[in-house]
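Heads up, the thing below is written out as structure tokens.
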Amino acid sequence: MVFIGIEIGGTKLQLVAGDETGVILDRRRLAVESTAGGEGIRAQIAAALPELIERHRPRAVAVGFGGPVDWRTGRIECSHQVAGWHGFGLGDWLRGMLPAGVPVYVDNDANVAALGEACFGAGRGFDPVFWINMGSGIGGGLVVAGALYHGAIPGEAEIGHLRLDRDGTTLEQRCSGWAVDARIRAAAQREPAGVLAGLTRTLQRGEARVLAAAVAAGDAQASRILAEVAEDLAFALSHAVQLFHPRVIVVGGGLSLVGEPLRGAVASVLPRFVMDSFQPGPEVRLAGLGEDSVPVGALALAASRSRLDAGA
């Protein structure tokens, strides 16, 4: 049985065909031009999807969308990164391109990634699983007993918007990829002869990708940035631990590519903020599916929801 999973993000669009075990059989990956807005992304989907449908005859389609959604209806509440999505009925629009009777399921991309990691990635075998995505923004998702936790519409587990102080500073403002990029640029300007300046001199954006190399080279500024990010992240995650007591926290997204230095720093700091009876706290793991957390999660969502619907 084949399903189609779609990832709609602020920088990339992925359409995959795969099975209920999370194996991707076919893929279309496209860059998103944010200035073209939601209409531009929909044009890309409309051009790529029919071929996948014709080739694979999917049993169901599921979408991980980069923003708040009404998962019951497939209606988009908004996109924080790309204009032209507010109030759009994505589920109905996609159903118009599918054979009659093929269901469509739409959920937030962080939720979908959480499901992918819980079923087939670093969270497999753990329950509950808490996911945090550290990309251009920061999102979260919670999987309990193999199913997504849903709060009141239009969102849940939005850890990126958790306040770090009473002035309203959010985790996303401090630890998103864009925030870390800005901190690295500022550090490079302060020390133009330093390691960070040398590693970022030819970069136009995405400076966070050099953080691990700078730390490995012994750069003091890079080590300080990493320590500050890890402490802010651990403090925010401690709230999720106190509320949900997950067995594992899975860290994904572009910033997670810093790798073990980031994971290890968060794991070492987290117990400081966790209540005594929950010590030593959950295991902290890096995403096991890499950039496929969302599309594989979409396959898992399509398979699980279609099974439930069939049973109903």
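A few points about this structure:
- J(HN,Hα) series, the stretch 300-308, from Karplus relation 6.51 cos²θ - 1.76 cosθ + 1.60, nearest Hz, glycine and proline x: 5, 5, 4, 5, 5, 5, 5, 5, 4
- Ranked by the mean number of other Cβ atoms within 10 Å per residue, highest first, peptides 250-259, 225-234, 185-194, 148-157 order as 250-259, 225-234, 148-157, 185-194.
- Relative contact order (%) - criterion: Cα under 8 Å, at least six apart; region: the stretch 87-134: 27
- Listed residue (223, 118, 31) projecting farthest to the positive dipole end of the chain, Cβ model: 31
- Between 0 and 90°, nearest 10: helix 220-244 axis offset from the chain longest Cα axis: 50
- Between the amide H of residue 60 and those of 4, distances stay under 5 Å, these residues lying 5 or more places away or on another chain, with hydrogens modeled in the peptide plane.
- Near residue 286, the amide H atoms lying under 5 Å from its own belong to 251; only residues 5 or more places off or on other chains count, and H is placed 1.01 Å from N.
- Calculated mean residue ellipticity, 222 nm, the chain: -12500 deg cm²/dmol, from DSSP H runs (n ≥ 4) at -39500 (n - 2.57) each, averaged per residue and rounded to 500.
- Distance between the stretch 1-65 and the stretch 209-226 - C-alpha centres, whole angstrom: 36
- Modelled label positions at residue 55 and residue 310, each set 7 Å beyond Cα in the direction of Cβ, lie 2.4 nm from each other.
- Peptide packing for 125-132, 291-298, 199-206 was compared via the average number of neighbouring C-beta atoms within 10 Å per residue; ordered from the highest value, the list is 291-298, 125-132, 199-206.
- Note on residue 189/residue 164: beta-carbon distance plugged into 1/(1 + (r/R0)^6) with R0 of 30 Å gives a FRET efficiency of 0.75.
- Dipole magnitude (debye, nearest 20) for the chain, charges at Cβ of Lys, Arg, Asp, Glu: 300
- Debye-sum result for the stretch 155-312 in log10 I(q)/I(0), which assumes one identical scatterer on each alpha carbon, at q = 0.09, 0.10 Å⁻¹: -0.36, -0.44
- Listed residues 213, 298, 286: farthest to the positive end of the dipole of the chain (Cβ charges): 213
- Theoretical FRET efficiency, 1/(1+(r/R0)^6), r = Cβ-Cβ of residue 182 and residue 100, R0 51 Å, to 0.05: 0.55
- In nm, spacing of pseudo-spin labels at residue 86 and residue 145 (7 Å Cα→C-beta vector): 3.9
Taken together, the values in this text are just the output of simple stated rules run on the coordinates, not laboratory data. For clarity, every value in this text was computed on a predicted model and none was experimentally measured. Positions of Cβ are generated from backbone atoms using ideal geometry, with glycine treated the same way; all protein chains shown enter the neighbour counts.
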